[in-house]
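The values are calculated or read from the model by the stated rules, or taken from the named source; none is laboratory data. What you see is a predicted model, and the numbers here were worked out from it, not measured in a lab. No Cβ is skipped: glycine too gets one built from the backbone with ideal geometry, and neighbour counts run over all protein chains shown. The accessibility values were calculated without ligands, DNA or RNA, using every heavy atom of the protein model including side chains. Shrake-Rupley method; radii C 1.70, N 1.55, O 1.52, S 1.80 Å.
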Amino acid sequence: MDFNTFLFRLSNAPVKVIAPSVDFSDYVSIDLSTDNKTLKDIDANCSNSWIVYINQYLQDRKKSIAFGGYLELRSIYNRSNYFNSKSASEARNIHLGMDLWCATETPVLAAFDGVVHSFKNNTNHGDYGPTIILKHCIDSVTFYTLYGHLSRSSIKTLSKNRQVVKEQTIGWLGSSEVNGDYAPHLHFQIIIDMENKTGDYPGVCSLNTLEFYTKNCPDPNWLLKIY
């Protein structure tokens with residue numbers, strides 16, 4: 001059985017990792033790729049511009065959560081030296097997780113039973129901000145889930161190896177002041193091999209490394225089943 005099939009079979013129902021009281025019918029997909037021409041009017045360097053755009057997008061559609069982004073080529077990362085490179089093929093601008101855009105302080109939930117693998121406040125401009133990584137071992141298969149762009153309070157009293165249960169609140173979404181300077185959202189990512197990293201793992205890759213990361217970080221929708 002390949003890993004994608006393993007993920008899909010872990011749950012018959014969609015897996016919720018945010019906003020326990022919000023029904024999946026209140027989710028809407030969003031395109032933040034370079035193909036979306038409406039983004040040309042947004043000041044990519046201003047998180048408030050993104051907040052206004054996301055909020056208006058949700059309001060127009062009468063929805064609460066916008067989702068999407070796996071393997072999306074995005075120009076927003078051009079604003080940060082953390083992602084840039086002199087070579088176009090080495091610039092990190094391909095998104096490796098699923099983003100769920102909604103209000104600050106929205107509760108974030110553990111995808112499955114597990115333990116806290118690591119946590120860290122990643123403070124580079126455009127980075128995750130406060131981040132939690134959980135370790136899961138199900139049917140003798142070990143994998144990891146990453147939750148980025150959280151509030152500082154989410155990791156304030158956390159400890160390594162603390163046990164968590166599925167759908168337990170493990171944190172809350174952070175504001176732009178602490179989440180890497182983005183509109184509030186959860187970056188949710190599945191990782192097979194952590195490569196000895198702690199509290200952090202690349203959530204954006206380059207064209208040169210896309211083949212590896214596509215295998216090591218499968219589409220979260222195999223698990224979430226949102227679309």
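Some notes on this structure:
- Among residues of the stretch 131-160 that are free of Cβ contacts under 8 Å to residues at least 60 places away in the same chain and among the basic types (Lys, Arg), none has a beta-carbon under 8 Å from a residue that is surrounded by fewer than 16 Cβ atoms within 10 Å (Cβ to Cβ) and part of a helix (DSSP H, G or I) at least six positions away or on a different chain.
- Every residue from the stretch 165-189 that is under 13 Å from the mean Cα position of the chain (by Cα) and part of a loop (DSSP other than H, G, I, E, B): GLY174, ASN179, GLY180, TYR182, ALA183, PRO184
- Restricting attention to the stretch 184-227, the residues that are at pLDDT 95 or above and among the small types (Gly, Ala, Ser) add up to 2.
- Filtered residue count, the stretch 54-92, keeping only those that are modelled with pLDDT of 95 or more and farther than 22 Å from GLN189 by Cα: 9
- Just one of the listed residues (ILE226, ILE132, ILE192, ILE170) is on the phi < 0 side of the Ramachandran plot and open to solvent by less than 10 Å² (accessible area, probe 1.4 Å), namely ILE132.
- The single residue among ASN36, ASN93, ASN124 that is open to solvent by 40 Å² or more (accessible area, probe 1.4 Å) and not aromatic (Phe, Trp, Tyr) turns out to be ASN124.
- Scope the stretch 1-35; condition among the charged types (D, E, K, R), in a helix (DSSP H, G or I) and in contact (Cβ under 8 Å) with a residue 24 or more places away in the chain; matching residues: ASP26
- Members of the stretch 124-138 that are at pLDDT 95 or above, over 17 Å from GLU167 (Cα atoms) and either among the charged types (D, E, K, R) or not in a strand (DSSP E or B) (or both): TYR128
- Taking the stretch 190-223 as the range and being acidic (Asp, Glu) and assigned to a loop (DSSP other than H, G, I, E, B) as the test, the residues that pass are ASP193, GLU195, ASP200, ASP219.
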